[in-house]
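Asks: Okay, handing you the structure first.
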Amino acid sequence: MLTGLLFVSPAVIGFILFAYLNFRGVELSFTNWSWISRRPPEPVGWANYQLVLQADSDFLKGLGRTLIYVLFVPVSIAISFSIALLANQAVRGQSLFRVVCYMPAVTGAGVLVAVWTFLFSVDGPVNGLLRSIGIADPPRWNTVTEWKQVAILLLLAWGAAPGMIIALAGLQAIPKDFYDAAKVDGANAWQTLSRITIPLMTPTLFFQLVLGVIGAWQTFDIIYFWATPGTQNADVSLWTASVQIYQYAFAYNRPGVGAASAIVLGLVILVFTMLNFVAQRRWVNYDIA
Amino acid sequence: MAVTTATESRAYARSRAAGNRERLRLGVVYGMMILLTVVLAYPFYYLATASFKTVEELFRYPPTLIPETWTLDNFRGAFEVVPLLRMALNTFIICILVVTGSILSNSLAAFAIARLRFPFKNIIFGAMLTTLMIPGWISLVPAYLFWRDFGRFTNGLIGVNMGVNSIGPLVIPSFLTSAFAVFLMRQYFMTIPKELEEAARIDGASYFRIYWNIFLPLSFPVLAVIGIGAFMGGWNDVLGPLIYLSKPESQTIMVGLSYFNSQHMSVIYRGSRFAAAFIAAIPVLALYFVANKYLIRGIVLGGLK
């Protein structure tokens, strides 16, 4: 009996610490405490929340920019699903192909951004390619905000390939009988995909959507490297909600505002997750197979 | 006689048509696989080769596939900007400790939850799972304050700062389990036959011995996944070291990479940035090429259950 408790004691300590820190985070969001103040934190009621939620606040702007990445999640899933369909074909060399597909997930954002910003520089390889196919005045990817955003989305699209591993697992869990029956009935490839594969894949797609949306709301690493605060690359017009939280907490010396922003972000994530679970009833099939 | 020939030739024609279709399918599949492989692998190839190019060659279009003149100047430049090898060593030490911590703590907790009976088991497991739902951003500042006080505490107690400005805040949490890893390992442990431990119990083995001598050796695939994941997570982490470490010589390599974004970097340091990114990518890519079999299988396991 006690052995079990002893074995999980690190987990229990971890949970208590986790609960305590989050409780302190909520508490902090109602105070005006700053890193340099010598007095104990004073309660300021909802002032931090009012600041965070007033129209045109830095945080809301950040939240709006983050929404772009959230809305991109279905595109990423479609990419990983299409690659999984390809990787599920019975041809030689598939295991090598899978190894290549997962590579983007292995290296950190710092490495990827270093390569990406160069590939997309004014006279870089991407613009060279664009010029060679007749586009005389290709975009200035590293200076115009909108084009930076496009380059980031292209990086995310490229980085969606590793998701094919999960999609592939879903594909391979579909019983062969369904495809045999479809073949007997004379279904063509498109019918098989739309009537069998996609409906049976909906639980996997839903799983990817829920986790993808939660992760997208917290986009930090890529933006941190692309628009690093305090450097020449700093670009406020790219900062996501989490970069703003980081800035409030540490750079602007307003930890209470940072904490309030984080709680708002947490609630946004909660609402989106709940919406996903409500909406799934309309499109996810659990009953077949 | 004539009828048979007609059927045969029709069957032959049909099989030839099917053969053509099969060849077309193969062609399309391989064409797309090759295209995707090029698109996915090219940035890595580019990173590796550009690190050895001269600055002049770096800006040439079309980019040279193989450096015309190999140079180590970029690496020299990178070492001038930041103490890169020192940073790689720092990161490596953190990763080794994080891997140790997550393998030990998560497997022990997962073993207890999968196999032992103890009070509040379901409540504890449920509480752990709630940690997955709350974003870490809410505890960002309180965690910093906690580790600052913890550092003062350990400094007073044993004369060693294990809080802010040490690797403590990056390493110690891995010894306190992560709900996702516990969940993944629990799933795996449930598939190990009960007869094994029953026999060991009869022979008088303690639960710790059962865990250590039976469960751990049988669980290599899942331990590998957790270990590789922890290593990559530790190596690529940027927020943690950014907050908790301050001096360049104690920083990790990912934060080191961000130093190349600062305003003092001119064009000649473009190559250095590549070299630094290349050095930062090698360990995780090498680990991945050695162990991708386990990693991919583990993702499938975690993604479906």
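The values are calculated or read from the model by the stated rules, or taken from the named source; none is laboratory data. Quantities reported herein were computed from a predicted structural model and do not represent experimental measurements. Cβ: placed from backbone, ideal geometry, glycine included. Neighbour counts: every protein chain shown.
Asks: With the condition kept exactly as written, say whether any residue in the stretch A:160-178 is over 18 Å from A:L85 (Cβ atoms) and either part of a helix (DSSP H, G or I) or at pLDDT 90 or above (or both).
Replies: Yes, there is a match, as at least one residue in the stretch A:160-178 is over 18 Å from A:L85 (Cβ atoms) and either part of a helix (DSSP H, G or I) or at pLDDT 90 or above (or both).
Asks: Out of B:L140, B:L170, B:L157, report the one residue that is crowded, with 19+ Cβ neighbours inside 10 Å and over 30 Å from B:N292 (Cβ atoms). Break it down stepwise before answering.
Replies: Details: B:L170 fails: over 30 Å from B:N292 (Cβ atoms); B:L157 fails: crowded, with 19+ Cβ neighbours inside 10 Å.
The conditions single out B:L140.
Asks: Could you check the stretch A:29-49 and list, in sequence order, the residues that are within 27 Å of the chain's Cα centre (by Cα) and not in a loop (DSSP other than H, G, I, E, B)?
Replies: Going through the stretch A:29-49, the residues within 27 Å of the chain's Cα centre (by Cα) turn out to be A:29, A:48-49.
Of everything in the stretch A:29-49, those that are within 27 Å of the chain's Cα centre (by Cα) and not in a loop (DSSP other than H, G, I, E, B) turn out to be A:N48, A:Y49.
Asks: Another question about this same structure. Based on what the data block shows, is A:P199 assigned to a helix (DSSP H, G or I), surrounded by 14 or more Cβ atoms within 10 Å (Cβ to Cβ) and modelled with pLDDT under 95?
Replies: In short, yes.
For (1) of a type in the set (D, E, K, R); (2) farther than 27 Å from A:L2 by Cβ; (3) without any contact (Cβ under 8 Å) to a residue 24 or more places away in the chain; (4) within 13 Å of chain A (Cβ to nearest Cβ), each residue gets a yes or a no:
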position	(1), (2), (3), (4)
B:F118	no, no, yes, yes
B:F146	no, yes, yes, yes
B:F150	no, yes, yes, yes
B:M185	no, no, no, yes
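Asks: Does A:S82 satisfy being within 24 Å of B:Y288 (Cβ to Cβ) and either in contact with a His (Cβ under 9 Å, 6 or more places away or on another chain) or hydroxyl-bearing (S, T, Y) (or both)?
Replies: Numbers: within 24 Å of B:Y288 (Cβ to Cβ): yes; either in contact with a His (Cβ under 9 Å, 6 or more places away or on another chain) or hydroxyl-bearing (S, T, Y) (or both): yes.
For A:S82, the condition - within 24 Å of B:Y288 (Cβ to Cβ) and either in contact with a His (Cβ under 9 Å, 6 or more places away or on another chain) or hydroxyl-bearing (S, T, Y) (or both) - is met.
Asks: Just to be sure I understand, how many residues within the stretch B:27-54 are buried (at least 17 other Cβ atoms within 10 Å of the Cβ) and either outside any helix (DSSP H, G or I) or touching a Gly at 6+ places or on another chain (Cβ under 9 Å) (or both)?
Replies: Residues that pass the stated criteria total 5.
Asks: Same structure again: Hey, can you tell me all the residues within the stretch A:264-287 that are surrounded by 12 or more Cβ atoms within 10 Å (Cβ to Cβ) and either among the polar types (S, T, N, Q) or over 19 Å from A:L211 (Cα atoms) (or both)?
Replies: Residues satisfying the conditions are A:T273, A:N276, A:Q280, A:N285.
Asks: Hey, another quick one. Looking only at the stretch A:218-229, count how many residues are over 16 Å from A:Q149 (Cβ atoms) and more than 8 Å from chain B (Cβ to nearest Cβ).
Replies: Counting residues in the stretch A:218-229 that are over 16 Å from A:Q149 (Cβ atoms) and more than 8 Å from chain B (Cβ to nearest Cβ) gives 1.
Asks: When the stretch A:112-158 is examined, which residues are found to be assigned to a helix (DSSP H, G or I) and more than 14 Å from every other protein chain (Cβ to nearest Cβ)?
Replies: A:T145, A:E146, A:W147, A:Q149, A:V150, A:I152, A:L153
Conditions (1) in contact with a helix residue (DSSP H, G or I) (Cβ under 9 Å, 6 or more places away or on another chain); (2) of a type in the set (S, T, Y); (3) within 23 Å of B:G271 (Cβ to Cβ); (4) at the interface with chain B (Cβ under 7 Å from one of its Cβ atoms), marked per residue:
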residue	(1), (2), (3), (4)
A:F72	yes, no, no, no
A:S82	yes, yes, no, no
A:A87	yes, no, no, no
A:V91	yes, no, no, yes
A:R98	yes, no, no, yes
A:C101	yes, no, no, yes
A:A105	yes, no, no, no
A:G110	yes, no, yes, yes
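Asks: Quick check, is A:A173 crowded, with 17+ Cβ neighbours inside 10 Å and within 28 Å of A:V99 (Cβ to Cβ)?
Replies: Values: crowded, with 17+ Cβ neighbours inside 10 Å: no; within 28 Å of A:V99 (Cβ to Cβ): yes.
No, not satisfied.
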